[in-house]
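The values are calculated or read from the model by the stated rules, or taken from the named source; none is laboratory data. All values derive from a computational prediction rather than experimental measurement. Note: ideal-geometry Cβ built from the backbone for every residue, glycine included; neighbour counts use all protein chains shown.
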Amino acid sequence: MSRNAVFAGMGILLSSMAFFGFDVVSDISAHVLGGLSYTRSDLVHLVFEVLAVAGLGYAVVTLRAYHLLLRAEAEATKDTIQMLRGNFDEVLQNKFEDWGLTIAERDVTLLIIRGLSVAEIASARSTAQGTIKTQSTSIFRKIGVRSKTELMSVIIDEFLDGKPAS
């Protein structure tokens, strides 16, 4: 539902509320100023109009609160998407810092995330496969995972849920 539709709906509710409110005031003033007594049907009519005004007022307040809630959720979603698109590297580097990864471990972690094997990482970094295995073990220990799959799960959970991983 668009913002304009919400405001149009609120306008209709407020107009209806004003109409019934004016009718209630008009009925009461006609009876009080005219010295007329209320018949049972007049009282029932008046009660229903008062309830209609109250119900419409409640609907306006509820619709406005719901609109504000949806707008806040949309803004939070927009911020999350922007973080995932534009600031992924910065956020990831901050996580690496939080986890206490060395510069070499950060590089290896990025290559693991890209899906490279131990041999491919060793070749890309011009180092021995044993060094990469040792660094991987250290990375996994610091992050609290036991495998590449768990590492990817932590990263996905961190960025998709927007909540800190344990």
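Some points to look at:
- Residues located in segment 1-27, provided they are surrounded by fewer than 14 Cβ atoms within 10 Å (Cβ to Cβ), farther than 30 Å from Arg71 by Cα and of a type in the set (A, V, I, L, M, F, W, C): Phe22, Val25
- Pairs, first in contact (Cβ under 8 Å) with a residue 40 or more places away in the chain in segment 130-150, second part of a loop (DSSP other than H, G, I, E, B) and surrounded by fewer than 17 Cβ atoms within 10 Å (Cβ to Cβ), C-beta under 6 Å, six or more apart: Lys142/Gly100
- Residue match in segment 29-36 (condition: touching a helix residue (DSSP H, G or I) at 6+ places or on another chain (Cβ under 9 Å) and not polar (S, T, N, Q)): yes
- Failed condition for Ser117, given (1) hydroxyl-bearing (Ser, Thr, Tyr); (2) within 30 Å of Ser147 (Cβ to Cβ); (3) modelled with pLDDT under 90: (3)
- Just one of the listed residues (Ala52, Ala59, Ala104) is in contact with a helix residue (DSSP H, G or I) (Cβ under 8 Å, 6 or more places away or on another chain), small (Gly, Ala, Ser), assigned by TED's automatic domain parsing to the domain that holds Ser153 and surrounded by 13 or more Cβ atoms within 10 Å (Cβ to Cβ), namely Ala104.
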